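Here the structure is laid out as structure tokens; the discussion comes afterwards.
Just so it is clear, none of the values below were taken in a lab; they were calculated from the coordinates. Source: prediction; values computed, not measured. Heads up, the Cβs are rebuilt from the backbone with ideal geometry, glycines too, and the neighbour counts pull from every protein chain shown.
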Amino acid sequence: MTIYLNAMNVICALGSGNEAVRAGLWRSDGPSGGETTDRYTPGNPLHLGTVSEPIAAVDLPDGTPLELASRNNAMLERTLAGLRPAVDAALATVGPTRVAIVLGTSTSGIYEGEHAVHAHVTQGAWPAQFHYSQQELGSPARYLARRLGVGGPAFVISTACSSSAKAMAAAARLLQHGIVDVAIAGGVDTLCGFTISGFLSLDSVSAARCNPMSIHRQGINLGEGAALFLMSREAGPVRLTGWGETSDAHHMSAPDPSGAGARLAMQQALARAGLRAADIDYLNLHGTATEQNDVMEAHAVADLFGRDVPVSSTKPQTGHTLGAAGAVESALMYLTLTDNPQGRLPPHWWDGAADPSMPALHLVGGNESLGRPVRHVMSNSFAFGGSNCVLAMGEG
């Protein structure tokens with residue numbers, strides 16, 4: 001049974017909305033997106049994949065319950081706005097009980113929680129606009145279900161950096177089994193000091209724009225963003241052709257250095273899609289620019305695909321959006337598969353200094369195109385605990 005991505009909208013460091021993100025993704029003069037700021041780490045400037053437009057909990061519609069009022073849900077609301085006509089049409093066709101909401105996140109309302117704790121410490125009282133439930137991981141799905149009046153399954157998957165890729169796979173299964181007729185799936189994550197401090201404690205954050213696959217790589221840039229997809233069994237511009245999900249069970253934060261779990265997830269995605277490795281026109285790497293991930297992923301990709309398939313990491317432009325990464329990068333795949341007659345590929349921006357410990361992959365250049373429409377792509381999402389999810393997508 002074929003699952004289609006009928007419509008999509010994305011907000012990230014590259015821009016707000018599909019066309020702005022498309023323009024930012026394919027600038028040929030170098031990477032765009034994000035800023036160097038100490039807004040979240042006073043006295044310690046870091047390059048972060050921040051969204052450029054102001055988004056705050058106060059932007060939510062009147063009547064939003066306090067427990068659902070968060071910057072994370074405001075980002076979700078802003079993303080939904082660009083998708084709303086298609087969503088409303090689908091709701092009118094199938095009815096609210098036949099629609100599922102499946103999202104990925106890792107931060108939810110932690111931003112509100114950390115500001116509330118600071119106020120309590122400095123002023124001795126909790127802010128009136130704070131509710132403990134703002135921090136619940138299920139909040140984005142609850143918010144969206146309430147906002148749309150949806151009565152079908154509504155839940156959040158939180159498996160760190162694989163969260164929203166797994167949310168899309170879970171939504172596809174609901175559709176395949178006939179549990180719902182439409183799914184709104186994707187992910188959202190927003191920056192906060194708590195998250196950045198956690199990654200700093202792991203010594204895995206780069207102060208400058210990240211440099212994946214380089215011998216000079218120094219770690220990740222944290223980012224924020226959201227992407228939502230309207231999914232159904234009705235024909236649409238892009239197909240979710242396959243997915244693969246594995247678990248390394250190797251280490252709490254480090255990937256299995258053999259890359260066995262990552263490779264198996266890619267193999268599963270190919271098998272479910274009915275494709276060979278040679279059929280993939282482009283592979284979006286997880287590409288975090290951390291020491292262990294890049295080595296593991298480069299070997300896993302080379303083992304399965306060889307060294308000719310075009311690959312890139314888009315994280316120098318978006319930052320690592322954590323729980324939203326799978327959805328944001330799937331949105332970039334959607335843009336690559338649609339309205340792209342020359343098959344321009346997302347570039348890999350780095351310093352060009354190859355790491356001799358890794359196989360030399362075909363890293364996409366700044367103006368590289370296939371010279372024809374892109375037919376099949378894959379996107380890797382690898383998370384803490386060895387939670388791996390790979391999505392395969394194709395032209396509709």
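Cα centroids of segment 277-355 and segment 123-137: 39 Å apart. The fewest-to-most ranking of Tyr282, Tyr40 by surrounding Cβ atoms within 10 Å reads Tyr40, Tyr282. Here the dipole of the chain is about 800 debye; that uses its Cα centre as origin and unit charges on the Cβ of Lys and Arg (positive) and Asp and Glu (negative).
Ellipticity at 222 nm from helices only: DSSP H runs of n ≥ 4 in the chain, each -39500 (n - 2.57), divided by the residue count, give -9500 deg cm²/dmol. Local charge for Ala13 was computed over the other residues whose Cβ lies under 9 Å away, with Lys and Arg +1 and Asp and Glu -1, and equals -2. Residue order for Trp350, Trp243, Trp126, Trp26, fewest other beta carbons within 10 angstrom first, comes to Trp126, Trp26, Trp350, Trp243.
Radius of gyration (Cα atoms) of segment 3-395, expressed as a multiple of 2.2 N^0.38 Å: 0.92. Distance between the modelled labels on Arg27 and Leu66, one decimal in nanometres: 4.2 nm (7 Å Cα→Cβ projection). Coupling constants for segment 361-373 follow from the phi torsions by the Karplus curve (6.51 cos²θ - 1.76 cosθ + 1.60, θ = phi - 60°), and in residue order they are 8, 7, 7, 5, x, x, 10, 6, 9, 7, x, 7, x Hz; glycine and proline get x.
Fewest neighbouring Cβ atoms within 10 Å first, the residues Arg22, Arg39 line up as Arg39, Arg22. Using the Cβ-Cβ distance between Ser197 and Ser258 with R0 set to 25 Å, the FRET efficiency works out to roughly 0.20.
Here is the list for segment 306-381: trypsin sites (Lys or Arg not before Pro) lying in DSSP coil, each with at most 16 other C-beta atoms within 10 angstrom of its C-beta, are Arg307, Arg375. Looking only at the chain, where both bridge partners belong to it, what percent of the DSSP beta bridges are antiparallel (to the nearest 5)? Among the beta bridges of the chain, antiparallel pairing accounts for roughly 70 percent.
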